[in-house]
Structures are given as C-alpha cells and as structure tokens.
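Asks: I am attaching a structure below and will ask some questions about it afterwards.
The values are calculated or read from the model by the stated rules, or taken from the named source; none is laboratory data. Nothing here was measured: the structure is a model prediction, and the numbers come from that model. Neighbour counts run over all protein chains shown; Cβ positions are idealised from the backbone, glycine included. Just the protein is used for accessible areas: all its heavy atoms, side chains included, with ligands, DNA and RNA removed. Shrake-Rupley method; radii C 1.70, N 1.55, O 1.52, S 1.80 Å.
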Amino acid sequence: MSILKLFSKFAVPILLSCYFQLVTAQVNFNSIPIKKEINSILIANPKIDSIHIQFFQNTPSKLEIFKESNLVRKYKNRKDIFFYDLSFEGDKLLLSDDFPTIKNLLNKNLATTIQKPETVKNFKLVIGKNYSQLRDSVPIYGLYPTMTPQRKKDLQNFLSSQYKEFAKEVFTKDSVLLFQAIVDKSGNLIQIELLKGRRSDFYNFILDSYRYYEKNILNKTNTTTGKSLLLPAMLNGRPIRSLIDMYVRLNPNNTISISSNGIQRRLRIKNYQEKVNEPLIWW
C-alpha cells in the first residue's frame, strides 16, 4: 500500500476527529448562566439573527454576527455579516464600536458556562433568539491577502528607526492607528483609509514614512518571488483585488509594531468606487 493511501486511511480520520467531535448538540438555553446578558444583547439589536462564537482551547477565537437570516444564510448580502478575528487587535477595536455589549460578553469566561465534555475544547457556540447550539469548530480556508513575515519585520524596523529621529522634534504618546486598504493584484496597498485613531503628527509620520519606504526601499517585483510587502488574495489560482486591515501601534519604548488581517474583511472604505474590469472580491 502506498504512503498516500496509508495517510488517507489513518491520518485523515484522526485529523478530522480533532475538528468534528460534536456535529450539532442542543444546549439548554435556560441553563446558560449568561442567559440574561444574551437576551439583553438580542433585545437591544433586534436585527441580529444569530451570534456564532468559535472557541479554540476554550478561548473565543472567531466571531460572526448574522443579520437578516433569509439573506445571510444564502450569502447573498455580505453587508449583513460581521466577522471578527479575536486574535487581531484591530478587530477588537472595531467590535467595541460595532457591538460593545458583545465585546463585554466575550470578556467573561464563556467556556465555563457551557455544559460539554471536558475533552471538547475546540467548538462553536451558536446563539439565537431563545436557542443555543454547540457545533464543531471548522477551520477557515482561503488564500487571503497576507503580509510576508520578512517584509513585516523590515517595515517595522524601518519605521522604528525613522521614528527615533522624528521623536526628537515631535513628542507623541503611545498611539494606535487602524487602516483599511485595497490590495491590488501585485500586492500593493492602494486607497488607504484610517478607520480608528487620530489624524495626528503620528498619523502623518506613518503615511509619509510608508510612502517613502514603498518608493525607495521596497522592491516592486512579481509577488511570486516573495519580494513584495503583501501577497495578494487568490481565487482559482489567480491574484485578485481584496481588502486588508492594518493595525499600527507606537509602543512605550518608541518602537512601532504592525499586524494585519485579510480574512473576511468588511468593506469600510468610504466612497469606494468599483473598477469595472477589476472587481473587489471581499468575503
């Protein structure tokens, strides 16, 4: 028997069993200690159809909020789906603005309030009006736009070194900025827009420094060589225009850190104009 056949016979079922342990299990809604908080959220937001919280190792890791179920179930209207990657600081900021009561709910130790086998640590909690379910935790697949690790390190080092000179003239307390941008087919950032933070001296410093870095330092080559700042999203083996959110933080020690997320972004750029021949693909 070939190695591939052996793998498919034994390894694949083992891997799948790591994810599919529950199928679908009903949870007694009245037995959830945070029932009052959940009901308050649904009453305050009557258009919410359901809240999906994905857990990894008993910790909330992903959040989806569905509105208008008849549209959302068919994925026809992405404007009625809100997705948050809870490991991304930028999404935590947006969640605090979009649904502050749900953000507060996630701060509680939710896993301890759910009756389930102790061995099940990766799962999804689905909460609707007067019902709740446990489902299997399914990983998100897709080739979303990402920042290459080396380019991220290089950009952070460049911004941090530039800021040392900038800080001699302008005093700035630790600050946070959240941007959204279009990622074109070559991995370039275009139409950058500020989502969170102030248009301060620090904001101007970041944009001016990035433009200089992009023009004079960053090698503009084909993305397949791995020399671009970003790897574009892929669909059917081809690069496409997509969205990415970028979180920039000025740390207390005057270094600058950057993180980004291109998974299931919500279009937040105002006055965005679609290109006929290059449509924006967003999930």
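Asks: Considering region 170-181 alone, what residues qualify as being not hydrophobic (A, V, I, L, M, F, W, C) and not in a loop (DSSP other than H, G, I, E, B)?
Replies: Listed by number, the list holds a single entry, Gln180.
Asks: Name the residues in region 136-152 that are farther than 30 Å from Arg249 by Cα and either open to solvent by 30 Å² or more (accessible area, probe 1.4 Å) or outside any strand (DSSP E or B) (or both), would you?
Replies: From region 136-152, those farther than 30 Å from Arg249 by Cα are 136-138; that's our starting set.
Selection gives Ser137, Val138.
Asks: Something else: Looking at (1) free of Cβ contacts under 8 Å to residues at least 40 places away in the same chain; (2) more than 17 Å from the chain's Cα centre (by Cα), which is the one condition that is false for Lys103?
Replies: Among (1) free of Cβ contacts under 8 Å to residues at least 40 places away in the same chain; (2) more than 17 Å from the chain's Cα centre (by Cα), Lys103 violates only (2).
Every residue, every condition in (1) at pLDDT 90 or above; (2) touching a Phe, Trp or Tyr at 6+ places or on another chain (Cβ under 9 Å); (3) more than 18 Å from Leu155 (Cβ to Cβ), yes or no:
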residue: Asp201; (1), (2), (3): yes, yes, yes
residue: Tyr213; (1), (2), (3): yes, yes, no
residue: Asn216; (1), (2), (3): no, no, no
residue: Pro239; (1), (2), (3): yes, no, yes
residue: Tyr247; (1), (2), (3): yes, yes, no
residue: Ser259; (1), (2), (3): yes, yes, no
residue: Asn271; (1), (2), (3): no, no, yes
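Asks: So, in region 12-64, how many residues would count as being under 26 Å from the mean Cα position of the chain (by Cα), among the β-branched types (Val, Ile, Thr) and either modelled with pLDDT of 75 or more or in a strand (DSSP E or B) (or both)?
Replies: Selection size over region 12-64: 7.
Asks: Determine if region 96-107 includes at least one residue that is aromatic (Phe, Trp, Tyr), open to solvent by 90 Å² or more (accessible area, probe 1.4 Å) and under 26 Å from Ile281 (Cα atoms).
Replies: No; the residues of region 96-107 include none that is aromatic (Phe, Trp, Tyr), open to solvent by 90 Å² or more (accessible area, probe 1.4 Å) and under 26 Å from Ile281 (Cα atoms).
Asks: For region 65-92: of the residues being touching a Lys or Arg at 6+ places or on another chain (Cβ under 7 Å) and part of a loop (DSSP other than H, G, I, E, B), which is modelled with the highest pLDDT?
Replies: The extreme case among them is Leu86.
Asks: Still on this structure, I have one more. Just name the residue that is nearest to the chain's Cα centre (by Cα) out of those in region 230-281 that are open to solvent by less than 50 Å² (accessible area, probe 1.4 Å) and of a type in the set (Gly, Ala, Ser).
Replies: Gly262
Asks: If Ile217 meets every condition in (1) closer than 16 Å to Tyr247 by Cα; (2) open to solvent by 20 Å² or more (accessible area, probe 1.4 Å); (3) of a type in the set (A, V, I, L, M) apart from one, which number is that one?
Replies: That leaves (1) as the condition not met.
Asks: Given the criteria closer than 30 Å to Asn39 by Cα and either surrounded by fewer than 18 Cβ atoms within 10 Å (Cβ to Cβ) or in contact (Cβ under 8 Å) with a residue 24 or more places away in the chain (or both), does Leu194 qualify?
Replies: Considered against the rule, which asks whether it is closer than 30 Å to Asn39 by Cα and either surrounded by fewer than 18 Cβ atoms within 10 Å (Cβ to Cβ) or in contact (Cβ under 8 Å) with a residue 24 or more places away in the chain (or both), Leu194 comes out as no.
Asks: Return the residues of region 113-135 that are under 17 Å from Asn58 (Cβ atoms) and surrounded by fewer than 17 Cβ atoms within 10 Å (Cβ to Cβ); say none if nothing qualifies.
Replies: Across region 113-135, the qualifying residues are Thr113, Gln115, Pro117, Glu118, Thr119, Lys121, Arg135.
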